[in-house]
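The structure under discussion appears below in the form of structure tokens.
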Amino acid sequence: MGEKSVRPCVVVDRPHSKRLVEISLCGAVDIAIEHELGSVLDHVSTAPPSSIVINVANVTFACSTLANFIVCLHNIAPAAPVVLLGCTPRIHRVLCLTGVDSLVTSHDHAGFQAIACGAGAGRSLGPCDTN
């Protein structure tokens with residue numbers, strides 16, 4: 001009862017160029033926001049990007065809905081790298097369990113700035129725990 005919930009939200013932006021798509025997610029990424037995620041996929045598919053950045057720093061819960069969303073983004077733009085900004089160990093674990101970790105690269109904020117500028121530096125969360 002004392003826990004404050006974060007209302008789920010999805011924001012899409014093409015800030016620097018039409019070839020880069022930034023997606024910010026917050027709150028719970030589950031089946032309840034599947035419609036919003038579908039709208040993002042529709043938007044992205046109109047002009048497939050060369051780079052996709054997903055900010056998950058404010059995600060409070062993620063399930064296979066996030067993994068499915070990433071797979072769909074990859075299917076729309078298979079050559080575009082998918083970079084996760086603010087990826088927590090819990091989100092990383094979901095991606096590992098679903099096998100989607102191989103489709104993404106995780107970076108901290110400094111790494112994201114380097115990716116956005118084309119330098120490519122960042123911090124990986126490392127391989128999935130197979131135990």
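Each reported figure results from applying straightforward, stated rules to the coordinates on display, with no laboratory input. Source: prediction; values computed, not measured.
Per-residue 3J(HN,Hα) values for region 81-94, derived from phi via the Karplus relation 6.51 cos²θ - 1.76 cosθ + 1.60 with θ = phi - 60°, read x, 10, 10, 9, 9, x, 5, 8, x, 5, 5, 4, 4, 4 Hz in sequence order (x marks Gly and Pro).
Only bridges with both residues in region 13-95 count here: give the DSSP antiparallel percent, nearest 5. Among the beta bridges of region 13-95, antiparallel pairing accounts for roughly 5 percent.
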